[in-house]
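Okay, so here's the structure we're looking at.
Since every read-out is calculated from the coordinates, none of them should be taken as a lab result. This structure is a prediction, so every number in the text was calculated from the model and none was measured. Cβ atoms come from the backbone with ideal geometry, glycine included; neighbour counts cover every protein chain shown.
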Amino acid sequence: MSNRMSNRAEPLSVLEVHLDAVARNWLYFRKKLKNGADCAAVVKADAYGLGAAIVAPVLFDQGCRHFFVAYFDEGVDVRKSLSTSTLPGNDVDIYVLNGPWGASAADFVAHGLTPVLNSIDDIQYWRSQDSNAPAIVHIDTGMNRLGLSPDDVTNLDLSGLNIRYVMSHLACGDETAHPKNAEQLAAFKTLTTQLGLPLRLSLANSAGIMLGTDYHFDLVRPGCGLYGINPWDGVNPMQGAVTLKARVVQIREIKKAGTVGYGASYSVAPPAKCATVSVGYADGYLRSATGQGQVVIDGHKCPIIGRVSMDSVIVDVSHTNAQTGDWAEIIGQTQTVDDVAAQARTIGYEILTNLGRRYKRIYTGA
Ligand SMILES: *Cc1c(COP(=O)(O)O)cnc(C)c1O
């Protein structure tokens, strides 16, 4: 007890980011690639919540020279984080998936950012600004989100443009047997052949890498797998990149029948013991985990009872010796980010990109 009372001054919740795991995950993908294909890293949305300014230099040190972000400002930050690495021969390309928005073409060039041109409009704009500045052209092969349509490609004139890659994106890569994968692969080959020019090509995200070397082309763009999310429907080959834990701030013995949490939605009767754990939806612990989620205290799985609140959850610890000050694992050895996502009826991407700002962040394994 005195031990637990003495840790009052320590953080209430801790997010550990395992940089060695991120590095190993990148190397895992690179090792799988077809000869001659390069491995990029997708570090958009602050490296899926883990911290792009810290993750990007770690991957640079492993040999990564291609980075994808979604926004101009994200690209500026990644460029800044790599500024000590710009010795000759260390050229880094940073590509902006949303295209030339949010800053002038001159600013893209000044910051060394390469836009992904997603439409004829984008291409015309880029040509009118600085046709010599590098760009990626994105063609749509069936996702109908971003990129030139097959009709656009038919009459496309890329002459005079400095095209680094032609890329497309898979809609169902994580479903290995989905027929859409082969359809998109075939469409990608047909459309890029139509373009005629010798072009470097990029199709695969993390899941696409797992589909095999036919999907690798010249550059792959893994994101989720770097951060420990399972990139396919087989056994997860990635290493968990985050440990998230929060402390028990109160223990309550239930002495008479009552309810737990907002809306009195959960009924509890003695004998029972509840613990309040300092993580809530303001920390990215999604409210949709109500009725499904669990935390792990001293090896025991403890179900969340009642609704997830802003700063806390209440868990059933009747079967444990949990005490005030104990750590509850939210994401870690016992439950992966994909497990937690399933409990909240979402995907690991949404869990990571919502990771809160109130955790004490600790970067390990640098
Ligand atoms: C986000 C994104 C990726 C990375 O996808 P993961 O599934 O996280 O590996 C690759 N390419 C494009 C176009 C993306 O938007």
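Can you give me the convex hull volume of the Cα atoms of region 197-297, divided per residue and expressed in Å³?
160 Å³
Rg(Cα) of region 127-246 divided by 2.2 N^0.38 Å?
Numbers: Rg = 16.4 Å, N = 120, 2.2 N^0.38 = 13.6 Å.
For region 127-246, the normalised Cα radius of gyration comes out at 1.21.
Normalising the Debye intensity of the chain to I(0), with uniform scatterers on Cα atoms only, and taking log10 at q = 0.09, 0.11, 0.13 Å⁻¹ returns -0.58, -0.80, -1.01.
Helix 72-81 and the long axis of the chain differ in direction by around 80°, with both axes built from C-alpha atoms. Of Ala186, Gly142, Ile94, which is farthest on the positive side of the dipole of region 84-201, counting Cα position, with +1 on Lys and Arg Cβ, -1 on Asp and Glu Cβ, and the Cα centre as origin? Looking along the dipole axis, the top candidate is Ala186.
Counting only alpha carbon atoms, the long axis of helix 52-62 and the longest principal axis of the chain meet at about 60°. Relative to the dominant Cα principal axis of the chain, helix 120-130 is inclined by about 70°.
Taking every C-alpha pair closer than 8 Å and separated by at least 6 residues, the mean separation divided by the residue count of the chain gives a relative contact order of 19 percent.
The relative contact order of region 291-366 comes to 24 percent, based on Cα pairs under 8 Å that sit 6 or more residues apart.
Set the bar at 26 Å for Cα to Cα. Now go through Lys80/Lys360; Lys31/Lys360; Lys273/Lys360 and name every pair that lies beyond it. The partial results should precede the final answer.
Numbers: Lys80/Lys360 24 Å; Lys31/Lys360 34 Å; Lys273/Lys360 28 Å.
Exceeds cut-off: Lys31/Lys360; Lys273/Lys360.
Looking at the P(r) of region 134-197, how many percent of alpha-carbon pairs lie beyond 19 Å? The proportion of pairs with Cα distances above 19 Å equals 30 percent.
The alpha-carbon atoms of region 287-366 define a convex hull whose volume equals 117 cubic angstrom per residue.
At the listed q of 0.10, 0.11, 0.21 Å⁻¹, the Debye profile of region 1-146, built from one uniform point per Cα, gives log10 I(q)/I(0) equal to -0.44, -0.51, -1.32.
Treating each Cα of region 228-277 as an identical point scatterer and summing with the Debye formula, the log10 of I(q)/I(0) at q = 0.12, 0.16, 0.28 Å⁻¹ comes to -0.53, -0.65, -1.11.
Please list, by residue number, everything in region 342-357 whose backbone N is under 20 Å from a paramagnetic label point 7 Å out along Cα→Cβ of Tyr262. What the label zone holds, given the 20 Å backbone N cut-off, is 343-346, 351, 354-357. Taking 0.890 mPa s as the viscosity and 25 °C as the temperature, the Stokes-Einstein diffusion coefficient of region 5-88 based on its alpha-carbon Kirkwood radius rounds to 172 µm²/s.
For region 65-137, just run the numbers: alpha carbon Rg, then divide by 2.2 N^0.38 Å, N being how many residues it has.
1.05
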